[in-house]
Amino acid sequence: MVQEIKHNWFRRHWILSIIIGLIVIGMISAIFNPSSSNTSNNSPSDNTGIKATQEEAKTYSLGESIQAGDFTWKITKSSTATEIGEDLGGTFFGEKADGIFIILDVEVTNTGNSAQYLMDSYLKLVDDQGREFSPDSTAAFYIKPSGSALMFEQVNPGIVKKGKIVFDVPTDLKVADIRISSDLISSSFYNVKLMI
């Protein structure tokens, strides 16, 4: 009898723990997935009286300055490569693309009043099929000159960082947007049109 009571108590708490865990995972996913939460409370109503759910992001061109949160971004150039690294004594040290590497030259300025963490994960590449690509930090590590990859660092106010961000994409990709988030939990994002 005591054994059965203990078993039922354990089972109830185990099920409750799973339910709470799923709720927490769902909340975290909603917070950190800007593509599923880019709605605006001030969006206009359509002719049915229902508020529009998608906020239209402004599209920029290469070289234009984009204020996103406490950072001003400028994508100055894009190039492609099939491999990043160097051959030393007949041995290749670097990364070969599964598709093709798109390498972005960027300038980022901290326009805020305090030090901010700059991460390459603020950028995503979205193709014309809606597929979303994250930066390839491993390949960026081998970019020359050494240390020019922008991955993760603290930037003080007024400081301009110049560097490169790498994406590994399919070889048939021709048109894409670079989506810049203002931070990891915000629904605000900005698009830069990219022709490959």
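FYI, it's all coordinate maths here, none of it is from the lab. Source: prediction; values computed, not measured. Cβ coordinates were reconstructed from backbone atoms using ideal geometry, including for glycine residues, and neighbour counts include every protein chain displayed.
Structural remarks
- The amide H of Gly99, built 1.01 Å from its N in the peptide plane, has Val169 as neighbours under 5 Å, considering only residues 5 or more places off or on other chains.
- Distance between modelled label sites at Lys193 and Thr171, nm, 7 Å Cα→Cβ extension: 2.8 nm
- Dipole of region 59-195, positive direction: furthest Cα of Asn156, Gly94, Phe189, with charges on the beta-carbon: Asn156
- Label-to-label distance for Phe152 and Asp98 is 2.0 nm, based on points extended 7 Å past Cα in the beta-carbon direction.
- Dividing the convex hull volume of the alpha-carbon atoms in region 80-141 by its residue count gives 124 Å³ per residue.
- Residues of region 83-126 with amide N under 20 Å of a point placed 7 Å along Cα→Cβ from Lys162: 103-111, 118-120
- Interchain or long-range residues, amide H under 5 Å from Tyr60's placed H: Asn191, Val192, Lys193
- The modelled label-to-label distance between Tyr117 and Phe141, using points 7 Å beyond Cα along the C-beta direction, is 1.9 nm.
- Rg over Rh [alpha-carbon atoms, Kirkwood Rh] for region 61-196: 0.98
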